[in-house]
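Remarks on the structure that follows.
What follows draws every value from the coordinates through simple rules; no lab data is involved. Quantities reported herein were computed from a predicted structural model and do not represent experimental measurements. Cβ sites come from the backbone with ideal geometry, for glycine too, and all protein chains shown count toward neighbours.
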Amino acid sequence: ISKHSGATAATVRIDRPAGTLRVAIGDDGHGGADERAGSGLVGIRRRVAALDGTTRIDSPTGGPTRIEVELPCGS
């Protein structure tokens, strides 16, 4: 995170609402993460989709960046 965004702090939150595993990651960096620029975010989205999950990315220029992944979780 610090290498690409210049962040000084990051958070990771994991929880399991009914039937779902949710991972939320955020940082206080400069934002502007762009999947179209060939970033690793494309690979994350593709892998999550392969497991019938969803990915939400919010990274406005100026920051902060927030990524949330939800995966089905039966147990």
(message) Please state the shape class of the chain: rounded when a/c is under 1.5, otherwise prolate if a/b exceeds b/c and oblate if not, all from the C-alpha gyration tensor.
(response) oblate
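With a sphere of radius 9 Å drawn around the Cβ of VAL42, what net charge do the other residues whose Cβ falls strictly inside it have (Lys, Arg +1; Asp, Glu -1)? It would help to have the intermediate numbers written out before the result.
Details: positive: ARG36, ARG45, ARG46; negative: GLU35.
For residues surrounding VAL42, the net value is +2.
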(request) Report, in debye and to the nearest 20, how large the dipole of the chain comes out about its Cα centre when Lys and Arg carry +1 and Asp and Glu carry -1 on their Cβ. (result) 180 debye
(request) Give the angle, between 0 and 90 degrees and rounded to the nearest 10, that separates the Cα long axis of helix 41-50 from the longest principal axis of the Cα atoms of the chain. (result) 10 degrees
(message) For a protection proxy built on the mean count of beta-carbon atoms within 10 angstrom, sort 47-59, 3-15 highest first, please.
(response) 47-59, 3-15
(request) Specify whether the C-alpha gyration tensor of the stretch 23-64 places it in the rounded, prolate or oblate class, a ≥ b ≥ c being the square roots of the eigenvalues: rounded for a/c under 1.5, otherwise prolate if a/b is larger than b/c and oblate if not. (result) oblate
(request) Take ALA10, project a point 7 Å from its Cα along the Cβ direction, then tell me which residues of the stretch 26-64 have their backbone nitrogen under 13 Å from it. (result) 26-30, 40-41
